[in-house]
Structure formats: C-alpha cells, structure tokens
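Report on the following structure.
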Amino acid sequence: MNKVLIYLGTSNLKEKVIEDVFKQIGIEINYIDDDDLENTLEKLLELPRKEGEKGKREPFMFIDGDNVDEIKNLESILRDNNVKIERKAVKTKNNISWTLRALMDEVDEEFEYFQLRDHLYNLIMHPDKEKLKKDPDYLKLMSMAFSLLEDQNVGKDILEIAIKSIENFKN
C-alpha cells in the first residue's frame, strides 16, 4: 500500500490517533479537504502533505493500493483503535481519473444503498411475531421483502418502498 488520503469531514476523528495508527503500520497519509473536491485522485496522490481540516461531508478514505491482505489489516487496525471511517474507496484504473467529488458521491450512493439493505434485513430478522401469526398479508410481505435481499440488483427505490411497507403495515 503506497498512500492513503483522508478526508476528515464532519467527524470528530483526532489527527493524533490517525497519525499514530498509520505510523504504526508504515503507511503514508495525506489529508484532503473541501478545497480538493474538484481535483482528480491522481493529482491528490501527488500533492505534498498537508494538515487535516474539517469538511462538510462524511469522513472518507482513499487507499492507493490493491493488496487485499494489507487492506484487511488496515481495517482491523483502524477498528482496534476506534478510528471509524465508513466511506472508503480503493484506487482502480477507472477511479484514479475521477474528481474527489465524483468518487465521494459514488461512495455515498453505495453506502446509502447498503444501509437500506441492512435496515430491511434487520426488519425481516426481527418481525412482529404477533402479526406473523395472525395476518397472512404480513407474512406475505415479509416473504416478498426477503426475496428482495436475494436480488443483488434491486433498486434503492424498491428497498425504500419495502421498508416503508413493513414499518407502516396496518398501523
């Protein structure tokens, strides 16, 4: 792994903790902020190091490397040190030419999509047991919702409808 770009964003992440974690594993970091949103990732990887500043978006990390074991190790160390950056991307031949804004928008969209999937999964795994016993329509709704999770291509709008349907079922 060559370098990691970190956008502190709206987080309460402490630079000192981040610095210590990355020093411990020998990975160079550089901070990026709102002034960098229109730069390409390729350009950002070449810029000299600067201090971190808060931004208007969620925290984000861009990893210049593709070794799966190194990335898993990094994730583990960050988790062990309570450094929570949920939005991440790894450098690819495609995204290296994107602007930081475009990549962050894409990652935000994916993050929201998987949050919806997780929310629907939790609703299905914790159904209203009384409604399951008494109302065949509720059972049918839960079954249909479960089938949505088996489809990896189901749209965000469909997930939102399923969630609302379960949450508002005959209330």
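No lab work stands behind these numbers, since they all come straight from the coordinates. Note that this is a predicted model, so its numbers are computed, not measured. Note that each Cβ is placed from the backbone with ideal geometry, even for glycine, and that neighbours are counted across all protein chains shown.
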(request) Find, among the GluC sites (Glu not before Pro) in the stretch 21-71, those assigned to loop by DSSP (not H, G, I, E, B) with at most 12 other beta-carbon atoms within 10 angstrom. (result) E38, E51
(message) Given points 7 Å out from each Cα along the Cα-Cβ axis, report the T92 to D20 separation in nanometres with one decimal.
(response) 3.6
(request) Loop sites only, by DSSP: take the trypsin sites (Lys or Arg not before Pro) in the chain that have at most 11 other C-beta atoms within 10 Å and name the longest stretch containing none of them. (result) 94-169
(message) Ignoring solvent entirely, what values of log10 I(q)/I(0) come out of the Debye formula for the stretch 3-100 at 0.14, 0.24 Å⁻¹ when each Cα is a single scatterer?
(response) -0.47, -1.50
(request) Starting from the Kirkwood radius over alpha-carbon pairs of the chain, derive D by Stokes-Einstein at 25 °C in a medium of 0.890 mPa s and give it in µm² s⁻¹. (result) 134
(request) Evaluate E = 1/(1 + (r/R0)^6) for D35 and E112, where r is the Cβ-Cβ distance and R0 equals 22 Å; express this FRET efficiency to the nearest 0.05. (result) 0.30
(message) Straight-line reach from K23: which aspartates and glutamates fall under 20 Å, measuring Cα to Cα and dropping same-chain residues less than 8 apart?
(response) E15, E46, E51, E53, D64, D66, D69, E70, E75, D80
(message) If R₀ is 22 angstrom, what is the calculated FRET efficiency for the pair R79 and A102, using the beta carbon separation as r and rounding to 0.05?
(response) 0.20
(request) May I ask you to compute the full-extension gain from H119 to K164, defined as 0.36 nm times their residue separation minus their alpha-carbon distance, rounded to one decimal in nm? (result) 15.1 nm
(message) Can you give me the orientation-averaged projected area of the convex hull built on the Cα atoms of the stretch 111-167, in nm²?
(response) 3.5
(request) Would you count, across the stretch 111-167, every pair of lysines whose alpha carbons are under 19 angstrom apart, provided the pair is eight or more residues apart or spans two chains? (result) 6
